[in-house]
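> Take a look at this one; I'll ask things after.
The values are calculated or read from the model by the stated rules, or taken from the named source; none is laboratory data. None of the values given here were measured: they were computed from a predicted structure. A quick note on method: Cβ atoms are made from the backbone with ideal geometry, for glycine too, and the neighbour counts reach across all protein chains shown. The protein model used for the area step is the full one, side chains on, heavy atoms only, and it has no ligands, DNA or RNA in it. Shrake-Rupley method; radii C 1.70, N 1.55, O 1.52, S 1.80 Å.
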Amino acid sequence: MDLRIAAALCLLGLPAQADTLRLATWDPGLSRKGPGLLLRDITKGDPQVLAAAQVIAATAPDVILLTAFDWDLEGRALAAFQAVLADQGHPMPHAFAALGNRGMQVGRDLDGDGRMGRPRDAQGYGDFTGGAGLAILSRLPIGDVADHTATLWRDMPGNRMPEGGQADVQRLSSSSHWDVQVGPLHLLAMAATPPAFEPRNIARNHDEAAFWLDHLPNAPFAIIGNLNVDPQDGDGDAAALRALQKVTQDRQPRGTWQPPQDGPNAGQKGDPALDTAKYDRDPGNLRLDYILPAQGLTVTSSGVVWPAPDDPLAEAVDTASHRRLVWLDLDLE
């Protein structure tokens, strides 16, 4: 392992074991208001982009799911970001990305406000097609991918789709649902809509997580990504999350530091060490990002990258995103 990475891991209290597979998921804030703008910012060395790369390099995952990365047809932005990561001392030469549902217009008034062509009329909320998509970067070769992104919401058994929900066109995924093989492991990757802003979003958020209950592979797996629901706080319905926790392992990755639990955090019920999202407004900080490996897999360590203000990585973490990276080590031998 690169000595710079090992030193950074020691600062965070992260193990630098070579015989484990380190998974990570993170919303790194690598999305912009229009197509091509992310590539522009990467190539000009935007501080936020560099900060995101620094956080990933310091954590040194073998595989990471990025849950907000703008997609482009030729994959130029993702390739450019891979180059930045390599410059930071953590090359991740293998990648997968596919067009998701954010910003994909269908010519319907999907949110029922009497207007068409707006961000909430897309298959998933977004300013443009390809915005805030999913991307996987890996140090290991990526194998087969099963892409469920085009699944209609109405076709999910037991769905909670509201009446009059444009059932003939409305997809379940607000972003994507992928089953991606990396070695013997299946990564069940997703990023759900927040259970807010529209009445239908609570039901959709629930169903996006519940989708995996009927699609668990007969092989080692880990559900990974932005489920966008907290087990105890916030406005979401955590029933699907609880069902997933019963068929997986929730090792409850923890941060080494938490901000003062005052202001919007004062009345929260959940353990602040588990939070992965920072909000300076109600409902306060939340646990929204998860890695849930299958029962029977050996988890050796896990954590949330939320360093104290005097930590050398703290500035990069705050500059990159209001979300916090979650990592988990698996021993697959």
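> Please go through segment 191-233 and give me each residue that is outside any loop (DSSP other than H, G, I, E, B) and small (Gly, Ala, Ser), ordered by number. Spell out the reasoning first.
Kept after step one, since they are outside any loop (DSSP other than H, G, I, E, B), are these residues of segment 191-233: 191, 200-214, 221-226.
Of everything in segment 191-233, those that are outside any loop (DSSP other than H, G, I, E, B) and small (Gly, Ala, Ser) turn out to be 191, 203, 209, 210, 222, 225.
> How about segment 283-303: which of its residues are within 22 Å of residue 182 (Cβ to Cβ) and outside any loop (DSSP other than H, G, I, E, B)?
Across segment 283-303, the qualifying residues are 289, 290, 291, 292, 293, 294, 298, 299, 300, 301, 302, 303.
> Which of (1) assigned to a helix (DSSP H, G or I); (2) crowded, with 17+ Cβ neighbours inside 10 Å does residue 72 not meet, given it meets every other one?
With (1) assigned to a helix (DSSP H, G or I); (2) crowded, with 17+ Cβ neighbours inside 10 Å applied to residue 72, the lone miss is (1).
> State all residues of segment 165-178 that are over 12 Å from residue 102 (Cβ atoms) and either part of a loop (DSSP other than H, G, I, E, B) or open to solvent by 20 Å² or more (accessible area, probe 1.4 Å) (or both); if no residue qualifies, say none. It would help to see each step written out before you state the result.
Step one: list which residues in segment 165-178 are over 12 Å from residue 102 (Cβ atoms), which gives 165-170, 172, 177-178.
Selection gives 165, 166, 167, 168, 169, 170, 172.
> Determine which member of the set 78, 30, 38 is without any contact (Cβ under 8 Å) to a residue 40 or more places away in the chain, more than 24 Å from residue 299 (Cα to Cα) and open to solvent by less than 30 Å² (accessible area, probe 1.4 Å). First the steps, then the outcome.
Values: 78 fails: without any contact (Cβ under 8 Å) to a residue 40 or more places away in the chain; 30 fails: without any contact (Cβ under 8 Å) to a residue 40 or more places away in the chain.
Result: 38 is the single residue among 78, 30, 38 that is without any contact (Cβ under 8 Å) to a residue 40 or more places away in the chain, more than 24 Å from residue 299 (Cα to Cα) and open to solvent by less than 30 Å² (accessible area, probe 1.4 Å).
> What number of residues in segment 91-111 are under 15 Å from the mean Cα position of the chain (by Cα) and in a strand (DSSP E or B)?
Counting residues in segment 91-111 that are under 15 Å from the mean Cα position of the chain (by Cα) and in a strand (DSSP E or B) gives 2.
> Right, another one. So which pairs qualify, if the first residue must be in segment 305-333 and more than 15 Å from residue 47 (Cα to Cα) and outside any helix (DSSP H, G or I), the second must be open to solvent by 40 Å² or more (accessible area, probe 1.4 Å) and of a type in the set (Gly, Ala, Ser), the Cβ gap must be under 8 Å, and the two must be at least 6 apart or on different chains?
Close Cβ pairs (under 8 Å, with a partner that is open to solvent by 40 Å² or more (accessible area, probe 1.4 Å) and of a type in the set (Gly, Ala, Ser)) amount to 332/183.
> What residue, of 222, 210, 238, 273, is in contact with a strand residue (DSSP E or B) (Cβ under 8 Å, 6 or more places away or on another chain) and surrounded by fewer than 22 Cβ atoms within 10 Å (Cβ to Cβ)?
273
> Oh, and also: Scanning segment 255-282 for residues that are part of a loop (DSSP other than H, G, I, E, B) and within 26 Å of residue 211 (Cα to Cα), which turns out farthest from the chain's Cα centre (by Cα)?
The residue in question is 270.
> When residue 278 is evaluated against the numbered criteria (1) touching a strand residue (DSSP E or B) at 6+ places or on another chain (Cβ under 7 Å); (2) open to solvent by less than 80 Å² (accessible area, probe 1.4 Å), which criterion, by number, is the only one it fails?
Of (1) touching a strand residue (DSSP E or B) at 6+ places or on another chain (Cβ under 7 Å); (2) open to solvent by less than 80 Å² (accessible area, probe 1.4 Å), only one is false for residue 278: (1).
> So, one more: Out of all the residues in segment 122-145, is one or more assigned to a loop (DSSP other than H, G, I, E, B) and over 23 Å from residue 26 (Cα atoms)?
So far as segment 122-145 goes, no, none of its residues is assigned to a loop (DSSP other than H, G, I, E, B) and over 23 Å from residue 26 (Cα atoms).
> Restricting attention to segment 179-189, and to residues there that are assigned to a strand (DSSP E or B) and either in contact (Cβ under 8 Å) with a residue 40 or more places away in the chain or of a type in the set (D, E, K, R) (or both), which single residue is surrounded by the fewest Cβ atoms within 10 Å (Cβ to Cβ)?
That would be 179.
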